[in-house]
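The structure appears right after this line, and notes come after that.
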Amino acid sequence: MSIRVLIADDQEVVRTGLTMMLNAQPDIEVVGEVADGRRAVELARRLRPDVCLLDIRMPLMDGIEATRALAGPDVDDPVAVVVITTFDHDEYVYAALRAGARGFLLKDAGAELLAQAMRAAANGDALIAPNVTVRLLEAFAGAAPTPAPPAPVEPLTDREEQVLATVARGRSNSEIASELHITLSTVKTHITSLMQKLGVRNRVEIAAWAYARSRSRD
């Protein structure tokens, strides 16, 4: 079955480009396009797509509010959200991820990475463009050391520390499995354990925790 995607961006040319790239994939189908966040929330609740691809800056309701409405911690039946934006000009990306977004891409990510992000989100995974991860976290850390994050509820194992480091570099589950020479199911088990021990909801927050810890030690 095709992965059903809803796209929200206030620029028609961007929506058209994204739609063309995604519809060219044999396993992905764009089921709706909207130009503002409010319409995105309304249509997503009606169509129940597998993934919502949301821009940050949109009229009526921005991408942060739309993400929170569709995937926030208080949502009983959340929809997978991937944020796509021109990061260099948008200080709200981190807030969107904290609001529940499952992935983050720049608009120049390209068709392959875009499709990978849709598949990851639809499968309950997450993908952050590797070249963005450090920039994303550094942008909100500033030059000074950050406060240490809350300690894990249980100490991390050596293997969990290794997985933590790879997640912080923006690696996908498949890449982690290859790099650490473990199975994909083992990676998923470690990711779940990290979320529980660190008190976070997704791999984006795992990466943020790792970065905050490294900055606090500087």
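The values are calculated or read from the model by the stated rules, or taken from the named source; none is laboratory data. These numbers were taken from a predicted model, which means no experiment stands behind them. All Cβ positions, glycine included, derive from the backbone under ideal geometry; neighbour counts span all protein chains shown. Note: areas computed on protein heavy atoms with side chains; ligands, DNA, RNA excluded. Shrake-Rupley method; radii C 1.70, N 1.55, O 1.52, S 1.80 Å.
Take Ala111 and Asn123, extend 7 Å from each Cα along the Cα→Cβ direction, and tell me the distance between the two endpoints in nm.
Simple spin-label model gives 2.1 nm for this pair.
Heavy-atom accessible area per residue, the range 5-89, 1.4 Å probe: how many Å²?
In whole numbers, the range 5-89 has 47 Å² accessible per residue.
So if R0 is 35 Å, what FRET efficiency would Asp76 and Glu12 give, r being the distance between their Cβ atoms, rounded to the nearest 0.05?
Here the calculated transfer efficiency is 0.55.
Quick one: which residues, 5+ away or cross-chain, put their amide H under 5 Å from the amide H of Ile3? H built at 1.01 Å from N.
Those lying under 5 Å, H to H, from Ile3 are Ile28, Glu29.
7 Å from Cα along Cα→Cβ at both Met1 and Leu60: what's the point-to-point distance in nm?
2.8
As a test of understanding, state the convex hull volume per residue of the range 1-95 from its alpha carbons, in Å³.
Roughly 92 Å³ of hull volume per residue.
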